[in-house]
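The values are calculated or read from the model by the stated rules, or taken from the named source; none is laboratory data. Because the structure is a prediction, the values reported are computed rather than measured. We place every Cβ from the backbone using ideal geometry, glycine too, and count neighbours over all the protein chains shown. Surface accessibility is based on the protein's heavy atoms, side chains included, excluding ligands, DNA and RNA. Shrake-Rupley method; radii C 1.70, N 1.55, O 1.52, S 1.80 Å.
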Amino acid sequence: MSTDYTPTVTGTGMKATIQRFGGYLAGMIMPNIGAFIAWGLITALFIPTGWLPNKEFAALVDPIIKSLLPILIGYTGGRMVHGQRGAVVGAVATMGVVVGAEMPMFLGAMVMGPLAAFVLKLVDGFTVERTRAGFEMLVDNFTAGIVGGAMALLGLKAIGPVVTEITGAASTAVAWLIGHNLLPLASILIEPAKVLFLNNAINHGVLGPLGVAQAAEQGKSILFMLESNPGPGLGLLLAYLFFGPRQLRPSTPAAIIIQFFGGIHEIYFPYVLMKPRLILAVIAGGATGVMIFILTGSGLVATPAPGSIFAYLAVTPRGGWVGVLAGVLAATLVSFAVASALLGFGRGERDEVGENPGESPGQTRAEPETAPVVKEA
């Protein structure tokens with residue numbers, strides 16, 4: 001499928017199926033990037049470690065990330081399945097997982113929004129031929145209300161706890177790798193978990209407390225750097241800027257600024273979801289960065305929040321900037337190189353999710369601009 005924000009996927013097979021699924025997930029996020037940017041700016045500016053600390057303005061941070069953003073995602077997912085009615089019940093259903101968990105429920109919203117809309121679509125298919133003239137609005141409103149309320153209860157009691165357990169399992173696995181001195185391998189779990197918006201749970205739920213204990217003993221901790229390194233995301237976005245689908249390239253400069261300088265890593269997650277194999281790029285970049293941090297004996301004195309390059313330098317102990325910057329640079333270069341190769345250095349764009357519907361196998365990317373696409377009736 002495609003949206004105004006994600007390119008069309010053509011073809012069949014496992015590869016195309018994964019791309020469609022990733023594109024669908026990204027389609028729930030991309031229309032709401034403006035809301036993510038708004039949250040990122042408020043966070044970067046007004047939290048206690050921000051540029052302009054303000055307690056009153058900082059009070060907006062938690063409600064936006066825990067309530068508004070998941071509801072927007074659920075709303076968008078519902079709209080993709082069943083139009084405006086699906087959007088409404090998707091938003092209502094998402095409220096169940098929002099209330100049922102303490103962490104930001106992005107993953108739960110991606111489940112509940114489309115699921116609630118799909119249930120309503122089935123109900124509408126059943127009632128449309130059985131509703132008498134003049135009762136359409138009454139039936140439509142009550143079916144939407146009943147489905148939305150029921151799905152909200154399901155999210156509260158079932159989906160929310162399941163997502164919480166998934167998050168806990170990912171956190172436990174990361175903690176096991178740390179405990180067995182396999183830090184570079186932690187990226188194999190951390191980077192995919194980040195893309196599913198579990199970054200805050202892992203960073204603040206596992207890495208943060210362990211890092212605080214280590215920093216208290218040694219004066220710094222590498223654990224603060226495992227999830228928060230802005231290098232892998234920067235490398236991925238640069239690869240998209242130079243070699244990604246043409247319709248997505250204009251969006252990447254702003255994303256780079258928000259991600260690298262603002263520290264809002266969520267901005268690059270949809271780009272991975274659109275091409276799931278690119279998870280290999282951020283895993284390679286993250287593991288490389290960790291390896292450089294180990295070799296140079298780098299560490300931070302506190303969690304860099306948000307994970308921008310400025311926050312990194314602000315919590316770097318005196319004399320440790322070379323190692324920190326080397327790790328970020330190495331992660332960026334490796335992530336860029338791997339992502340560029342996976343994108344075919346732009347040559348394979350036509351065959352991937354950037355391919356235009358209606359193209360024949362022999363067409364070039366320039367042809368659709370002058371040759372009309374013939375649609376079958």
_One residue is enough: does the range 176-189 have a residue meeting the conditions in contact with a helix residue (DSSP H, G or I) (Cβ under 7 Å, 6 or more places away or on another chain) and modelled with pLDDT under 75?_
yes
*Which ones in the range 35-55 are polar (S, T, N, Q) and either modelled with pLDDT under 70 or within 15 Å of T303 (Cα to Cα) (or both)?*
T43, T49
*Report, by residue number, each residue of the range 88-112 that is small (G, A, S), more than 22 Å from A38 (Cα to Cα) and modelled with pLDDT of 90 or more.*
G90, A93, G96
*Answer yes or no as to whether I202 is open to solvent by 10 Å² or more (accessible area, probe 1.4 Å), farther than 19 Å from V315 by Cα and in contact with a helix residue (DSSP H, G or I) (Cβ under 7 Å, 6 or more places away or on another chain).*
no
*Answer yes if at least one residue in the range 251-272 is closer than 19 Å to L207 by Cβ and hydrophobic (A, V, I, L, M, F, W, C), and no otherwise.*
yes
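For residues that are open to solvent by 50 Å² or more (accessible area, probe 1.4 Å) and either in a loop (DSSP other than H, G, I, E, B) or within 23 Å of A326 (Cα to Cα) (or both), scanning just the range 217-240, find the one that is modelled with the lowest pLDDT.
Top of the filtered list is Q218.
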*Name every residue in the range 288-314 that is among the hydrophobic types (A, V, I, L, M, F, W, C), crowded, with 21+ Cβ neighbours inside 10 Å and farther than 11 Å from A326 by Cβ, in order of residue number.*
V290, L300, A305, A311
_Please determine whether any residue of the range 249-268 is more than 24 Å from L107 (Cα to Cα), crowded, with 20+ Cβ neighbours inside 10 Å and over 16 Å from the mean Cα position of the chain (by Cα)._
no
*Can you pull out the residues in the range 79-97 that are buried (at least 24 other Cβ atoms within 10 Å of the Cβ), of a type in the set (A, V, I, L, M) and within 21 Å of the chain's Cα centre (by Cα)?*
A91, A93, V97
*Only helices (runs of 4 or more DSSP H) wholly contained in the range 51-160 count here; list those with 2 or more residues that are touching a residue at least 24 places away in the same chain (Cβ under 8 Å).*
69-99, 106-127, 136-154
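Can you pull out the residues in the range 126-144 that are open to solvent by less than 50 Å² (accessible area, probe 1.4 Å) and within 34 Å of the chain's Cα centre (by Cα)?
Result: T143, A144.
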_I'd like to verify a number: residues in the range 249-288 that are more than 12 Å from V195 (Cβ to Cβ) and in contact with a Pro (Cβ under 7 Å, 6 or more places away or on another chain), how many?_
7
_When you scan the range 48-70, do you find a residue that is farther than 30 Å from G263 by Cα and either hydroxyl-bearing (S, T, Y) or open to solvent by 20 Å² or more (accessible area, probe 1.4 Å) (or both), even just one?_
no
